[in-house]
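Participant: Okay, handing you the structure first.
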């Protein structure tokens, strides 16, 4: 799938690889909040990009140019199929066209874009560097918004075209919860947090410790301006996995020890606590006890709504709850079950599990090991934070993109190239990259 090039052009935060232009356009479109009217439909830039890329990516995938079809691919498409079917059941065929179409574009479109164009370690690093770069481009805007209380990003972009609406979500610790270029502060935090492990392990691969730490710290600061506990939880999990890998490097079975310990703790909580492990996690991952208590109410009433319509969900209908509760569901997995039924959630979880197993089964050299750790750390963080926030619009798209971005690892051959372990020339004098030789596929 990749094209061989001998001397990629060096630019700030970008490895020039000609076949990755759809990835570059997509990642940049995520941080531009313009809305474009196309007939009766208003689309964001990233939806337009995904709409244009869907059919070419589907053709490449079916023709075998993206490697063999994997179980995670089938699970993603089954989620789209079941989600579309459930929307028809709950809303009727006519009213289901637009929401079902958006579901397919944002799910299969983002997944296939990453699956088809990120086909080597060099591709993955190029993506990571650009994603970290566009994430850090939000940092000064988020800082100004949080300190001044003015949504400067939307004001600037609004000079040219209409943008997403401003969302004032209150103050915390004397600072405004910044939304940056996204619809809600939660989306700023979650999207930025996805870049943390990528910054340290992939974009900063081969560079000195202080530079990798600086990159990851700047990403964490960007997420922190959302003033939300959930994104900080994503970063904390990624940091914990990276730290565990580093401190326990001399222990060959370190991951078996970690997950065995986690399983024992889970069983102890389930067996001896008056609340389940999921309930404890939901209630304690918040800035204040009220938020934790409120999330538990969402879980209780939401699961009751799921069990009232377990196969196809309740669609976009209002869900039974006390009058004083808002309709917002701060739990991605619960929201998907409520909207599309339990099978839809099982298909998504199957895609995550299948992707994880596929990349873990592959023997890896030092470089691919680090990239695999970053990939799984990001997915693990998103899986956990999905229990306390909902992924919608750009965060849903980014979740699916990240899921598809690492499956090249399952087919990668171990590389004997030492160039990938050396600090790139541009990184020795600053933040940048140099050419990388792609792995054979």
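The values are calculated or read from the model by the stated rules, or taken from the named source; none is laboratory data. Quick caveat, the model's predicted, so the values are computed rather than measured. Cβ atoms come from the backbone with ideal geometry, glycine included; neighbour counts cover every protein chain shown.
Participant: Among the residues in the stretch 121-138, are any farther than 16 Å from residue 46 by Cβ, in contact with a helix residue (DSSP H, G or I) (Cβ under 6 Å, 6 or more places away or on another chain) and not in a helix (DSSP H, G or I)?
Facilitator: No, there is no match, as no residue in the stretch 121-138 is farther than 16 Å from residue 46 by Cβ, in contact with a helix residue (DSSP H, G or I) (Cβ under 6 Å, 6 or more places away or on another chain) and not in a helix (DSSP H, G or I).
Participant: A follow-up question, please. List the residue pairs whose Cβ atoms are under 6 Å apart, where the first residue sits in the stretch 60-81 and is more than 18 Å from residue 401 (Cβ to Cβ), the second is modelled with pLDDT under 95, and the two are 6 or more positions apart or on different chains.
Facilitator: Here the result reads 65/1, each pair linking the stretch 60-81 to a residue that is modelled with pLDDT under 95.
Participant: Sticking with this structure for a sec: Quick one: how many residues across the stretch 391-407 are surrounded by fewer than 23 Cβ atoms within 10 Å (Cβ to Cβ) and assigned to a loop (DSSP other than H, G, I, E, B)?
Facilitator: 2
Participant: Sticking with this structure for a sec: More than 30 Å from residue 115 (Cβ to Cβ) and in a helix (DSSP H, G or I) - does that describe any residue in the stretch 333-353?
Facilitator: no
Participant: Out of all the residues in the stretch 283-316, which are under 30 Å from residue 97 (Cα atoms) and either part of a loop (DSSP other than H, G, I, E, B) or modelled with pLDDT under 90 (or both)?
Facilitator: Of everything in the stretch 283-316, those that are under 30 Å from residue 97 (Cα atoms) and either part of a loop (DSSP other than H, G, I, E, B) or modelled with pLDDT under 90 (or both) turn out to be 309, 310, 311, 312, 313, 314, 315, 316.
Yes/no matrix, rows are residues, columns are (1) surrounded by fewer than 17 Cβ atoms within 10 Å (Cβ to Cβ); (2) modelled with pLDDT under 95; (3) touching a helix residue (DSSP H, G or I) at 6+ places or on another chain (Cβ under 7 Å):
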| residue | (1), (2), (3) |
| --- | --- |
| 318 | yes, yes, no |
| 323 | yes, yes, no |
| 339 | no, no, no |
| 343 | no, no, yes |
| 349 | yes, no, no |
| 353 | yes, no, no |
| 364 | no, yes, yes |
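Participant: Condition first: farther than 28 Å from residue 288 by Cα and in contact (Cβ under 8 Å) with a residue 24 or more places away in the chain. Can you find one or more residues in the stretch 138-145 that meet it?
Facilitator: Checking the stretch 138-145: not a single residue is farther than 28 Å from residue 288 by Cα and in contact (Cβ under 8 Å) with a residue 24 or more places away in the chain.
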